[in-house]
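Questions regarding the structure given below will be posed in turn.
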Amino acid sequence: MENKNVIYGINGPVVTVRDTDDFTMMEMVYVGHSKLIGEVIGINDHMTTIQTYEETTGLHPGEPVVGTGSPMSALLGPGIMSNIFDGIERPLSEIYKQSGDFIRRGLDIPSIDFEREWEVTLTVQVGDTLREGEIYATLPETPIVEHRCLCPIGVSGEVTFVAPNGAYRVGDTVVKLKLDDGSERELTLCQRWPIRRSRPLLSRYPISQPLVTGQRVIDTLFPIAKGGAAAIPGGFGTGKTMTQHQLAKWCDADIIVYVGCGERGNEMTQVLEEFSELVDPKTGRPMTDRTVLIANTSNMPVAAREASIYTGITLAEYYRDMGYNVAIMADSTSRWAEALREISGRLEEMPAEEGYPAYLSSRLSEFYERSGHVKTLCGRDGSVSIIGAVSPQGGDFSEPVTQNTKRYIRTFWALDRALSYSRHFPAINWITSYSEYADDLSGWYDQNIAPDFTKLRGRISLLLSEENKLMEIVKLIGTDVLPDDQKLIIETARIIRSGFLQQNAFHPVDTYVPLTKQYWMMKVILHYYDRAQEIVGASIPLARLIESGIGEKLIKIKFDVDNDHIDSLAGYCDEIDSICDEIIVKNKV
């Protein structure tokens, strides 16, 4: 039968088909003789509008458009972990084998290897009732990740057949169900899920646990919760990508999904090289054993950039439903928003602020609201934490993407150009950044780290805030005219900035700092401040304490004290006491 659905018009990635009612909204279609992957995004009486996820060069009117009858979906199953995909979940390693260094259009490559065999253990028996989202089989996807096969959403019934434990391919039937309507359903090791729909869950938990990153300025001052959402805005060169790399390497999530959305190819190459070389500190295995990478660089089709974010969050939700804590890094949501803007312009939609579509805010909310700490359908606890980089042009945080993002996240790590130019990394500005999770997590910190952790954090924040006010005066009249108590605030804040907030990602000791060491570093610095106040209160010049060099020694704690010898930090308090007592005694004499 001849296909009457043919291309009528082409405008970049946007293709139109005239006078047809064969397609439905959000349906996945194949466009042209090359079978380019596309998605229906608009339907009216006369025209169906499709966005294609591949380059449309060479496409011409009259070529056929074929529907699939299903929405744009991700294939979920074993083989996702350790893989590298493009924006529409095609494995780049297989693309390279078939087309070389450049991606050829129309490649029909399955997302996961259907020929590879997995050693499967079945967890159900004949006669059991299997409900949607429940686990029916497990297998070792990597040496550190157990893949748990979940009953597809909307499918429930009585188990009538269970294959024996053994080696199976992804497409093999391992369980058969008798559904409520009497029909039979075969379950394999994989399933599909529409990328634009969030996966269902039983319930959401209130925020109660931090996502520990080992980065002091984050864990102590501006924490993010497991299941939380955070943004890292900053101009060019302020360290957004590097900060996300550190979080991906060191945060205590079980699974990492890294989405390179519209970033430069050399940055994605750096990610691939670093992750392949990095050893997971928790298991001693390569970091790639628990990482999924989605590489959609700036030279790839713009529509696929828009889809890559949804592909990444769908994979994250799938592993969350198995009971894992997942962290997804989106770098960057600004490039994603620019893709929305370009496609919106092609569709001749009415532009909103700075040319972005009017639905920019709702699209951002759809993405960030898929985070959360939840009870899954299989009764396990899982979470998805979203950390999105934002790249405002010229570092202007008043632009639409940054402002709309702030409506849906609760942690804002504002990167500062002046800090990055002075080689202070992470360049997170402690005045303009904030975390609304801090109060929610204070009980966890006080219970699991130290009873006074939250109190010390509050004092550190107050000193930094006081220093910021004093520096306005210093800019006008200098530090010489300030009284010693104010000079002490500036001196202590300098120690906090250089010795605590600044962190070296390339130093073997300083790249990751456990919370216990962070606590003791705060305790030592504040003990210095308290004893120095005694000296100032006794009318002894602060310069005598500064001349002792103890301040410089406190700055070097981050390098000098190994993470395995945190107990030695108590000795710094004793040394501070000794120096301060000596200064006070000499003054009395």
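Quick check: residue separation of Ser70 and Leu201 times 0.36 nm, minus the Cα distance between them. What number comes out in nm?
Gain in length upon complete extension: 44.9 nm.
Between region 264-290 and region 60-93, what is the separation of their alpha carbon centroids in Å?
Between the Cα centres of region 264-290 and region 60-93 lies a distance of 25 Å.
Any idea of the accessible area per residue across region 162-281, 1.4 Å probe, to the nearest Å²?
37 Å²
Can you give the extra length, in nm with one decimal, that the chain gains between Cys573 and Tyr359 once fully stretched, where that is 0.36 nm per residue apart less the Cα-Cα distance?
Here the answer is 71.5 nm.
Now for a separate question. Please list the equivalent ellipsoid semi-axes of region 1-133, computed as the square roots of five times the alpha-carbon gyration tensor eigenvalues, in descending order and whole angstrom.
Each semi-axis is √(5λ); the values are 33, 22, 11 Å.
Sticking with the crude label model, points 7 Å out along Cα→Cβ, report the distance from Ala167 to Lys455 in nm, one decimal please.
6.2 nm
Counting only DSSP beta bridges with both residues in the chain, tell me the antiparallel percent, nearest 5. Please list the in-between numbers first.
Working: 63 of 90 bridges.
Bridges in the chain are about 70 percent antiparallel.
Next up: Mind sorting out which of [x] 29.5; [y] 26.5; [z] 31.6 is the real Kirkwood radius over Cα pairs in Å computed from the coordinates?
Computing Kirkwood radius over Cα pairs in Å and matching it to [x] 29.5; [y] 26.5; [z] 31.6 gives [y].
So, one more: For the chain, the longest stretch holding no GluC sites (Glu not before Pro) located in a DSSP loop with at most 16 other Cβ atoms within 10 Å is which?
The answer is 133-347.
Classify region 459-589 as rounded, prolate or oblate, taking a ≥ b ≥ c as the square roots of the eigenvalues of its Cα gyration tensor: rounded when a/c is under 1.5, otherwise prolate if a/b is larger than b/c and oblate if not. Could you put the intermediate results ahead of the total?
Details: a/c = 2.38, a/b = 1.31, b/c = 1.82.
Because a/c hits 1.5 or more and a/b fails to exceed b/c, region 459-589 counts as oblate.
Read phi for every residue in region 487-493 and hand back ³J(HN,Hα) as whole Hz from Karplus 6.51 cos²θ - 1.76 cosθ + 1.60, θ = phi - 60°, with x for Gly and Pro.
Each residue of region 487-493 in turn: 4, 5, 4, 5, 5, 5, 4 Hz.
First measure r as the distance between the Cβ atoms of Ser539 and Ser465, then evaluate 1/(1 + (r/R0)^6) with R0 = 45 Å and state the FRET efficiency to the nearest 0.05.
0.95
Same structure again: What is the chain's relative contact order, in percent, from Cα pairs under 8 angstrom and six or more apart in sequence?
The normalised contact order for the chain reaches 13 percent.
Another question about this same structure. Going through region 54-108, which chymotrypsin sites (Phe, Trp or Tyr not before Pro) have at most 11 other Cβ atoms within 10 Å and a DSSP loop state?
Counting only loop positions with at most 11 other Cβ atoms within 10 Å, the chymotrypsin sites (Phe, Trp or Tyr not before Pro) in region 54-108 are Phe102.
Hey, with R₀ at 41 Å, roughly what FRET efficiency would Lys406 and Ile490 work out to, going by the Cβ-Cβ distance, to 0.05?
0.85
Also: Relative contact order, percent, of region 384-496 when contacts are C-alpha pairs under 8 Å separated by at least 6 residues?
15 percent
Rounded to the nearest 20 debye, what is the charge dipole size of region 393-463 about its Cα centre when +1 sits on each Lys and Arg Cβ and -1 on each Asp and Glu Cβ?
160 debye
Could I ask something else about it? With all protein chains present, how much of the accessible area of the chain (probe radius 1.4 Å) comes from carbon and sulfur, to the nearest whole percent?
49 percent
Using the heavy atoms of the protein chains and a 1.4 angstrom probe, tell me the accessible area per residue for region 330-423 in square angstrom.
On the way: 3730 Å² over 94 residues.
Value returned for region 330-423: 40 Å² of accessible area per residue.
If you find the alpha carbon centre of region 506-526 and of region 194-237, how far apart are they in angstrom?
So the separation of the two Cα centres works out to 22 Å.
Give the residue from Val390, Leu340, His373 lying farthest towards the positive end of the charge dipole for region 330-399; charges sit on Cβ (+1 for Lys and Arg, -1 for Asp and Glu) and the dipole is referred to the Cα centre.
His373
List the pairs from Lys249/Lys475; Lys249/Lys556; Lys282/Lys375; Lys226/Lys282; Lys226/Lys558 whose alpha-carbon separation is above 29 Å, in the order I gave them.
Lys249/Lys475
Report, by chain and number, residues whose modeled amide H sits under 5 Å from the one on Thr238, excluding near sequence neighbours (fewer than 5 apart, same chain).
It is none; the list stays empty.
Related question: Per residue, how much accessible surface does region 30-137 expose to a 1.4 Å probe? Answer in Å², no decimals. Working shown, then result.
Working: 5150 Å² over 108 residues.
Per-residue accessible area for region 30-137 comes out at 48 Å².
One-quarter of the Cα convex hull surface for region 403-444, in nm²?
Seen from a random direction, the Cα hull of region 403-444 projects 3.8 nm² on average.
The values are calculated or read from the model by the stated rules, or taken from the named source; none is laboratory data. This one's a predicted model, so the numbers in the text were calculated from it and none came from an experiment. Positions of Cβ are backbone-derived with ideal geometry, glycine not excepted, and every protein chain shown enters the neighbour counts. Please note that ligands, DNA and RNA were not included when accessible areas were found on the heavy atoms of the full protein model with its side chains. Shrake-Rupley method; radii C 1.70, N 1.55, O 1.52, S 1.80 Å.
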